[in-house]
Amino acid sequence: MKCTYCNSPVEKGRIFCLKCGEEIVWVGEYNAIGSYRSQSQQAVREAARRVVENEDRQQALKEMEKIKNKKKKSKRMSWIITIIIVLIIGVGVLLGTQYYLAQRNYNRADYQLNAAMRKYNQQAYEQARRHIDRAVELAPDDGVAVMLKANILQRQGQSIEALYTLLALIEKQPDNYLAYEKVIEIYESEQRLDDIKILLDKSNERDILEQYSEYIAEQPAINIPGGQYHEAIKVEIYSTNKDGAVYYTTDGSEPTVESTPYTELIELPKGTTALKIIATNAKGITSNIVEAIYTINYLPPSPPEILPSSGEYTTTMNMKININIPNGHTAYYAFDDIPTLASNQYTQPLDMLEGKHTIYVIVVNEEGEQSDVGSAQYNLVKE
């Protein structure tokens with residue numbers, strides 16, 4: 001027999017369909033002879049039916065509960081699986097996004113620079129160094145990045161590397177006054193004054209030179225230029241450096257602050273003198289060298305004038321020999337012989353000698369230059 005509701009097969013004797021739970025109606029045959037008996041049996045069957053019906057109902061409810069629980073478990077598992085899949089996808093998306101951002105930021109100079117600044121301000125210099133190295137690698141001409149790298153290196157105790165980094169930046173950006181300021185700060189802290197001079201001597205930037213003029217010593221000046229001279233000269237040196245000093249050499253060597261200090265006029269000797277001069281400023285920084293070469297060759301004095309002129313004279317004329325000597329000169333004489341510096345020095349008019357004689361005279365100037373020999377021939381006749 002089949003259920004009239006869901007058309008599912010039903011076992012004989014069941015009063016409820018196990019699939020849809022509806023009541024099953026059974027129609028029996030009528031027996032007139034055994035109706036009484038049938039009624040008695042029907043009562044038993046009715047009681048049995050109720051028991052079976054109750055059992056079937058309980059069984060059906062249990063089956064239905066199992067089905068419902070199974071559906072709930074299946075639905076719950078589906079939700080769990082869905083949530084797990086969503087979480088996996090979310091984590092994957094998050095990791096992928098983080099990887100993408102990390103890769104993008106790794107190749108962004110501005111991000112690396114900002115990260116280096118943050119770590120530098122936090123005094124995390126090692127981490128700052130990693131970021132700034134990458135920033136400079138991506139943007140080697142970024143002055144801000146290079147300056148920050150130099151600061152980080154200095155904080156890490158790597159002053160030499162910091163200095164080289166700054167000098168390389170100045171080569172690329174000769175007008176970067178902040179780089180100059182940092183280099184000068186390092187040099188000054190290490191008393192490397194000559195290096196400050198070399199640094200600024202290389203610069204052709206007017207603004208840079210004006211900005212750091214206190215580190216520049218002006219060259220000294222001299223009153224007499226180099227050249228050839230025939231008289232004694234004295235060189236005077238001028239310096240415009242306030243609170244500075246002047247040093248010089250006369251042997252051609254390079255002057256330093258250990259050389260002769262200038263305190264008075266420099267009198268140059270006969271011959272060639274290579275005068276080299278430097279000046280210092282208030283910070284002790286030296287100027288460029290001023291050089292002048294002097295060659296002094298003194299001219300010999302003219303032969304002396306001897307009076308009277310050559311001739312014949314008599315003793316009654318009472319003639320005296322006079323020698324005109326220029327101021328600052330000395331005369332030496334000899335009769336009938338060439339005089340030397342060891343001969344008689346002329347100090348007053350001389351008497352003529354009787355007979356024929358020749359007087360020879362030389363003149364020596366203050367520089368020791370000797371004149372040619374002058375002479376006069378006299379014939380003094382006695383009367």
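The values are calculated or read from the model by the stated rules, or taken from the named source; none is laboratory data. On a predicted model such as this, the values are computed, not experimentally measured, just so you know. Please note: Cβ atoms are built from the backbone with ideal geometry, for glycine as well, and neighbour counts cover all protein chains shown.
Just a few scattered comments:
- Test: residue in segment 298-321 that is surrounded by 14 or more Cβ atoms within 10 Å (Cβ to Cβ), within 60 Å of the chain's Cα centre (by Cα) and of a type outside the set (Asp, Glu): yes
- Single unsatisfied condition, Ile277 versus (1) under 18 Å from Gly374 (Cβ atoms); (2) modelled with pLDDT of 95 or more: (1)
Every residue, every condition in (1) touching a residue at least 24 places away in the same chain (Cβ under 8 Å); (2) closer than 30 Å to Pro269 by Cα; (3) assigned to a loop (DSSP other than H, G, I, E, B), yes or no:
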| site | (1), (2), (3) |
| --- | --- |
| Thr347 | no, yes, yes |
| Ile359 | yes, no, no |
| Ile362 | yes, yes, no |
| Tyr378 | yes, no, no |
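- Picking from residues in segment 364-376 that are at pLDDT 95 or above and in a loop (DSSP other than H, G, I, E, B), the one that is farthest from Glu231 (Cα to Cα) is Val373.
- All told, Glu291 meets the bar of being in a strand (DSSP E or B), modelled with pLDDT of 95 or more, of a type in the set (Asp, Glu) and not assigned by TED's automatic domain parsing to the domain that holds Met319.
- Condition check for Tyr378: over 30 Å from Asp251 (Cα atoms) and surrounded by 18 or more Cβ atoms within 10 Å (Cβ to Cβ): yes
- Pairs, first over 17 Å from Ala217 (Cα atoms) in segment 169-194, second among the acidic types (Asp, Glu), C-beta under 6 Å, six or more apart: Pro174/Glu205; Asp175/Glu205
- Of residues in segment 179-208 being outside any helix (DSSP H, G or I) and not charged (D, E, K, R), the one nearest to Gln154 (Cα to Cα): Gln191
- Restricting Glu161, Glu185 to residues that are farther than 27 Å from Ala279 by Cβ, exposed (fewer than 15 other Cβ atoms within 10 Å of the Cβ) and not small (Gly, Ala, Ser) narrows the list to Glu161.
- Among the residues making up segment 203-239, those that are hydroxyl-bearing (Ser, Thr, Tyr) and more than 25 Å from the chain's Cα centre (by Cα) are Tyr229, Tyr238, Ser239.
- If you go through segment 181-233 and keep only what is closer than 30 Å to Leu299 by Cα and among the charged types (D, E, K, R), you end up with just Glu231.
- Filter result for the condition that a residue is within 30 Å of Asn379 (Cα to Cα), assigned to a loop (DSSP other than H, G, I, E, B) and either modelled with pLDDT of 95 or more or not polar (S, T, N, Q) (or both), over Pro326, Pro269, Pro300: Pro326
- Any pair with Cβ under 6 angstrom, 6 or more apart, that starts in segment 245-259 at a residue that is touching a residue at least 12 places away in the same chain (Cβ under 8 Å) and ends at one that is part of a strand (DSSP E or B) and among the aliphatic types (A, V, I, L, M): Val246/Ile237; Val246/Ala279; Tyr247/Ile278; Tyr248/Ile277; Thr250/Leu275; Gly252/Ala274; Pro255/Ile278
- The one condition in (1) charged (D, E, K, R); (2) in contact with a Phe, Trp or Tyr (Cβ under 6 Å, 6 or more places away or on another chain); (3) under 30 Å from Thr240 (Cα atoms); (4) touching a residue at least 24 places away in the same chain (Cβ under 8 Å) that Arg155 fails to fulfil: (3)
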